[in-house]
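The structure appears right after this line, and notes come after that.
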Amino acid sequence: MISHDLARALALSGLTWHPAAGDRFSIQAEELEDVVFTVSDVTIEVHTYPDETILRFNGTTEWALDSVSIDQTLWLPSEAQLRTLLGGTFRTLRRLEARRSADTWATAEPQFCVEILLEDHPKEFTDHEPADAYAQALLALITASAGV
């Protein structure tokens with residue numbers, strides 16, 4: 001799953017969320033930030049009004065929450081959603097074999113590399129989590145398209 005830090009950076013870059021069933025999110029409140037919720041037609045319904053979108057909690061599984069404005073949430077896009085947002089710039093996802101140094105017995109975690117075409121040049125983003133590599137690539141694409 002994408003890290004909260006990268007999800008926050010994507011939101012601050014202007015990435016907007018249009019909630020749909022299956023989407024994951026957290027609530028931006030200290031006591032709830034580590035809890036991941038999933039939009040569902042049964043448990044968490046999306047209600048869109050002309051001036052705002054509300055996520056309404058049904059049942060008792062979500063404590064006493066009634067509803068929350070989308071402005072109070074942090075979208076945690078999936079790998080598939082991030083890949084879709086990269087669109088035609090996405091080239092490949094590769095698993096890089098972990099290299100272990102000679103002085104350690106510990107096995108290093110593998111890295112994942114996402115390659116995109118950015119301003120007509122291939123650019124690679126690596127992380128231990130594929131979703132974070134996708135998010136880094138998307139953040140670079142958004143930043144480049146904004147001219148920052």
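Derivation of every value follows stated rules applied to the coordinates shown; laboratory data play no part. What you see is a predicted model, and the numbers here were worked out from it, not measured in a lab. So basically every Cβ, Gly included, is an ideal-geometry build from the backbone, and we count neighbours across all protein chains shown.
Listing for the model above:
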| read-out | value |
| --- | --- |
| Likely footprinting exposure, 36, 114, 42, fewest C-beta neighbours within 10 Å first | 42, 36, 114 |
| Label-point separation, residue 29 to residue 144 (7 Å along Cα→Cβ), nm | 4.0 nm |
| Rg/Rg_ref, the chain, where Rg_ref = 2.2 N^0.38 Å and atoms are Cα | 1.22 |
| Amide N proximity, region 1-37 versus residue 109 label position 7 Å along Cα-to-Cβ, cut-off under 14 Å | 1-6 |
| The chain: relative contact order as a whole-number percent, Cα under 8 Å and 6+ apart | 23 percent |
| Residue order, fewest to most surrounding Cβ atoms within 10 angstrom, among 129, 52 | 52, 129 |
| Ascending count of other beta-carbon atoms within 10 Å, so fewest first, for 116, 2 | 116, 2 |
| Rounded to whole Å, sorted largest first: equivalent-ellipsoid semi-axes of region 80-146, Cα gyration tensor | 27, 11, 10 |
